[in-house]
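Here is the structure we will look at.
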Amino acid sequence: MLMRVTLLTMPTSIDPHTKTSSLPRKQTSTPVATTIHLIGNAHLDPVWLWDWREGLNEGISTCQAMVKLLEEFPETTFVRGEAAIYAHIERHAPSLFEKIRELAAQGRWDIVGGNYIQPDTNLPTAEALLRQFVRGKRYFRQKFGVEVTAAWAADSFGHSTGLPDILHAAGMTSFAFTRPQANILPLPKQAFWWLGAGGSRILAFRPYDGWYTCERANLGKRLDACLERARLEKLDNVAFFYGLGNHGGGPTRGLLRQIREWTQSNPDVHVEYSGLHAYFDGLHEELAGKPDGFLPEHRGELNFCLRGCSAAAARIKFSYRQAETALLQAERTSAATSLAGGIAPAALDSAWDGLLFNAFHDILPGSSIERALDQQQALNGSISVQATRAETDALTDLAAHIDTRPRQVPTTDEHPLPVPVLLWNPHPWPCTLMPEIEVSLDHRPLWTYHKRPDAVPVFITDETGQSCPIQIVREEHDSMRDLAWRKRAVTPVTLPPMGWKVLHMGLAEKPVEPPSVENPATAMGDDGITNGHLSIRASVGNEAVSFLKDGQPWLGEGLQARVYEDPWGSWGGLLEEPESWLLTNELERWKIDAVKVLETGPLRAALWVRLSGARSRIELTFRLEQGADSVRVEARTLWNERCARLKLVLPGGGPADYEVPGAIVRREPCGEVPGGRWVRFGLNGEAAGFASDALYGFDTTADEFRATVCRASRYASDVRTTADEAPWMPVCDSGELKFRFLLATETDSLPRLAAQLESPPVVLPVPATEGPLPACGGTLGIEPSSLRLLALKTLGDDVLEVRLQSAACSVEHASLLIQNTHINLGTIGAGEILTWRLTRTSGGWQAERVPATGPAHG
């Protein structure tokens, strides 16, 4: 319980066993026009101008100081969030942790935020943001017995339009934040209702000056301004944040003296040492006596500020996205394979803790020092390894339960057997695609085909033993060029929802006829490729890669790579200077200096293109599959610039639809903005789609769409510099960066195309076993197609948790199909996020909606 203590009045009694979040409002004998809730806090960046070791240990020091202050001044209160910091204190300072528990039980230490760490709220996925609260609230529930409902974002750089629905799904009812400040995003009042697309309604508050901390002096002037603003807005309850912060700190004796002096000079004001839960309780009580519409409503995002962070330090962003994708995929794959009798899923709690920590608003946005970002990038790599190991364990065990024996057996004893290859679809919809499969055809190189490796006959059979059409493509290695051993091929396949197929690839006993393909993918001379529907051409000396759709120009002049001057620090312009997010000074427009057709079909054609500038270049491998209406591109950037930004540029501007955490938002051209997996933009009255597995920063103009690849800004820098200034100071992202993207002509399927780009099917050679499961099967599907699977995980034997979000525009009925069993989940509203617990009983699966605050949630 957090109590609000009226200043200069000592509490007469406190129940140490009280564990709710707030007390009934203190009654006074005379009406009070304005109540100022003093929110003592100590914002602490666990990583910023220091590394995680110093940051977390400062959490111990700050909380030690605050405990001593609260013992010395019994009327004061303090707020502290972030389970990661509490867990560090619990591990390394257990006696301090117990004192904090006692103060929390007394109502003087408010457990706020509800998250694991204060994350960036524009860049992670909806599920990764929701897990911040799932993980944090579970910790606070277990350790303190409190249900945190007041979210707190002291310093995050803007907030996604989907955040209200994420907060609501996590059981949060209120939200205090500081950015963007009023000069960037004006709001009618400090307090307002923030409405989500899914029908959520969060009571929100942004302090009048957009500031969570204070200096040691002039607190009285800030209180004067706070009171003036409250009276102007006719608010009876306002929150006033004070305390030293950024590297810990918190309230000081000097600040308490200033508060006491100001209170004595303003006897008509009710000043309370309070907390976020108590403040929002007071505001709710106030609203009960106000007319409807007293507080304004805000729909949409709370953006933008510090826009440089959507693209700063691409290397940490790329590795975070890989770790996030791998972890979510491993978790749902492990849960799905358990439905088919697989092993119990591996524990991934430590990997999740690492991922949540790396979503912190100075790590993922790339605004920390180089040494700290290097450490967190290494953590991202560890998370990816843990996730891949868990997924591989689950799929290898699944394969042991499948009949993976070859359907075609060689006629001679010495002829090598074909290799079983398990294909796994990690998505809850059928996927038709063309995976790459590579195996060793024998245990030794094939000397029979020495110096004629292209003559090696290779076959692939499907789950029924029928031959599949294949196209041999280049292996991943560059060894033994004249001596065949391993072979790599592509073949079309359709995989069941969250399901598998077993193919067999091997050395044929006789030559294999090439497949007969209608409208094959093929080369167009030595500088282009086509699949009959889409065509791509790149000519040396040109500035753009050009495209045709059905013989007509598509994407205007084509794809360009441009370098823009970007002299701003990590955050961009700290004063939000328009030139820092418009970036109009073009330095270079790279030219094509090399082209090579790599694959000539018939199933897939590939074109390698290099665009170069004076010091840097980007290599793009375009792939066109037979019958496809999208282009997949593998990109490799070699970056050696300073105070510059690389953008991929396409014709087609105006308003664009952006996938963001928990929602889709339409934005008019407004400079650099954060985005997610995909963007849908206009082109001559038609829509075109862009998706990537790594990029977060985008912008549109009246006639162009641009995606930022990387920025050469100085680490943790807040000053504008020139390229030749202090050349000994390192800049971000020098060297090689790899990512993938796609261009789509049909944008209705763009969300699924983006998901499959980021999470392609798993291709895993496995042993041949005589398992009870068939060579093709599925585990879990979702209906209707507008539902997004956010999470699938096991909670124990025969218990699953499923979390869905609707992307529809109206209420719809949700259902699951688990191993041919239809399970009705009930209705789900547009944009709504809901969680169900599924229990397998003797009578089948039983579905139960999980309340947002339920103990099993997460």
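The values are calculated or read from the model by the stated rules, or taken from the named source; none is laboratory data. Since we're looking at a predicted model, the values are computed, not measured. In this analysis, Cβ positions are derived from the backbone assuming ideal geometry, glycine residues included, and neighbour counts consider all displayed protein chains. Just so you know, the surface numbers come from the protein's heavy atoms only, side chains and all, with ligands and any DNA or RNA stripped out. Shrake-Rupley method; radii C 1.70, N 1.55, O 1.52, S 1.80 Å.
For the chain, what does the relative contact order come out to in percent, with C-alpha contacts under 8 Å and a separation of six or more?
The normalised contact order for the chain reaches 13 percent.
Phi angles of the stretch 791-805 translate, via the Karplus equation with coefficients 6.51, -1.76, 1.60 and θ = phi - 60°, into HN-Hα couplings of 8, 9, 8, 8, 10, x, 4, 6, 10, 10, 10, 10, 10, 10, 10 Hz per residue; Gly and Pro are given as x. Name the shape class, rounded, prolate or oblate, that the alpha-carbon gyration tensor gives for the stretch 506-663, where a ≥ b ≥ c are the square roots of its eigenvalues, rounded holds for a/c under 1.5, and otherwise prolate holds if a/b is larger than b/c and oblate otherwise. It is prolate, given that a/c is not under 1.5 and a/b is the larger ratio.
Once the chain from residue 389 to residue 575 is taken as fully extended at 0.36 nm per residue, the excess over their C-alpha distance is 62.4 nm.
For a test of the definition: using alpha carbon positions, the gyration tensor, and the 1.5 limit on a/c, classify the stretch 195-325 as rounded, prolate or oblate. Oblate. Largest to smallest in accessible area, the residues 629, 527 fall in the order 629, 527 (1.4 Å probe, all protein chains included). Considering only 651, 759, 802, and ranking their Cα positions along the charge dipole of the chain that arises from unit charges at the beta-carbon of Lys, Arg, Asp and Glu, the one farthest toward the positive end is 802.
For the stretch 165-271, what does the relative contact order come out to in percent, with C-alpha contacts under 8 Å and a separation of six or more?
Relative contact order comes out at 22 percent.
In the context of the full protein assembly, residue 213 retains an accessible surface of approximately 10 Å², using a probe radius of 1.4 Å and ignoring ligands and nucleic acids. Dipole magnitude for the chain: about 1000 debye, using +1 per Lys or Arg Cβ and -1 per Asp or Glu Cβ, origin at the Cα centre. Each residue of the stretch 686-695 is assigned a 3J(HN,Hα), and the resulting list reads 10, 9, 10, x, 10, 9, 9, 9, 8, 8 Hz, derived from the Karplus form 6.51 cos²θ - 1.76 cosθ + 1.60 (θ = phi - 60°), x at Gly and Pro. Taking amide H atoms as placed 1.01 Å from N in the peptide plane, the amide H of residue 402 lies under 5 Å from those of 771, 773, each 5 or more residues away in sequence or on another chain. What is the percent of Cα-Cα separations in the stretch 121-176 that go past 15 Å? The share of Cα pairs beyond 15 Å in the stretch 121-176 comes to 47 percent. Under the 0.36 nm per residue contour assumption, what length would be gained going from the current alpha-carbon distance of residue 346 and residue 187 to full extension? Working it through step by step, the gained length comes to 52.6 nm.
Cross-link check: pairs 647/738; 221/290; 591/738; 68/143; 549/647; 501/793 evaluated at a Cα-Cα cut-off of 18 Å; pairs beyond the cut-off: 221/290; 591/738; 68/143; 549/647; 501/793. In terms of packing, defined here as the mean over residues of other Cβ atoms within 10 angstrom, the peptides 299-309, 580-590, 685-695 line up highest first as 299-309, 685-695, 580-590. For the stretch 377-531, what does the alpha-carbon gyration tensor say about shape, rounded, prolate or oblate, given a ≥ b ≥ c as the root eigenvalues, a/c under 1.5 as rounded, and a/b over b/c as prolate? It comes out rounded by the Cα gyration axes. One entry in (i) -0.76, -0.94; (ii) -0.95, -1.07; (iii) -0.87, -1.08 is log10 I(q)/I(0) by the Debye sum over Cα atoms at q = 0.08, 0.09 Å⁻¹ calculated from the shown coordinates; its label is (i).
The phi torsions of the stretch 423-431, fed into the Karplus equation with coefficients 6.51, -1.76 and 1.60 and a -60° offset, translate into couplings of 9, 10, 9, x, 10, x, 9, x, 10 Hz, rounded to whole numbers, with Gly and Pro shown as x.
Remark on residue 108: its backbone amide H falls under 5 Å from those of 3, a criterion applied only to residues 5 or more positions apart or on other chains, H modelled at 1.01 Å from N.
Counting charges near residue 316 (Lys, Arg +1; Asp, Glu -1) among other residues having Cβ under 14 Å from its Cβ returns a value of -2.
Dipole orientation for the stretch 331-435: of the candidates 377, 411, 428, 411 has the Cα lying most toward the positive pole (charges on Cβ; Lys, Arg +1; Asp, Glu -1).
Relative contact order for the stretch 527-577: 22 percent, from Cα pairs under 8 Å spaced at least 6 residues apart, divided by residue count.
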